[in-house]
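A short reminder: the numbers here are calculations on the coordinates, not readings from a lab. Remember, predicted model here, so these are calculated numbers, not experimental data. We place every Cβ from the backbone using ideal geometry, glycine too, and count neighbours over all the protein chains shown.
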């Protein structure tokens, strides 16, 4: 395989590769191959944005430690996670006995998020449960506080539109 190079202002520039082959009849055939594609460019994230995101993550981690929260999985903005952690801790602290009702906690957390971020939030709370859910983008968090686990997620709500019945034509018969 040969490489064709062109002189451009005192420097060599690689243009394209060629392949020379000899056929049965003795003719030389030259094949051109395009250069390999360049790797995609990575966009640099400004340092200010990286620092702000890192600061918020540190703040969220500090809140989690203060409230005895262990984040298991999340697809949710940090501010919403913080609200979930604070609300859950407040609901647990408001329980008069040391054995909180998981169903009541789930209902309170669901209503909190329905009021703050719109309808279609769902919450599962307990010590042991399995789940397989579909959630809207940016609307999922799974965490534990003390010995209870919480799964909070949002689903997409689409209004149900009933089709209108077809219009009946009015026929008039002339005698």
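Given points 7 Å out from each Cα along the Cα-Cβ axis, report the residue 127 to residue 170 separation in nanometres with one decimal. Using points 7 Å along Cα→Cβ, the separation is 7.1 nm. Describe numerically, in nm with one decimal, the distance between label points set 7 Å from Cα along Cα→Cβ at residue 95 and at residue 147. With each label point 7 Å from Cα toward Cβ, the separation is 1.0 nm.
Starting with the highest mean, order 64-73, 78-87, 164-173 by the number of other Cβ atoms within 10 Å, averaged over the residues of each peptide.
On the way: 64-73: 14.1, 78-87: 17.4, 164-173: 5.3.
Top of the packing list down: 78-87, 64-73, 164-173.
Please give the Cα centre distance for the range 139-175 versus the range 49-118, rounded to the nearest Å. So the separation of the two Cα centres works out to 28 Å.
Test of understanding: express the Cα radius of gyration of the range 69-154 as a ratio to 2.2 N^0.38 Å, with N the residue count.
0.99
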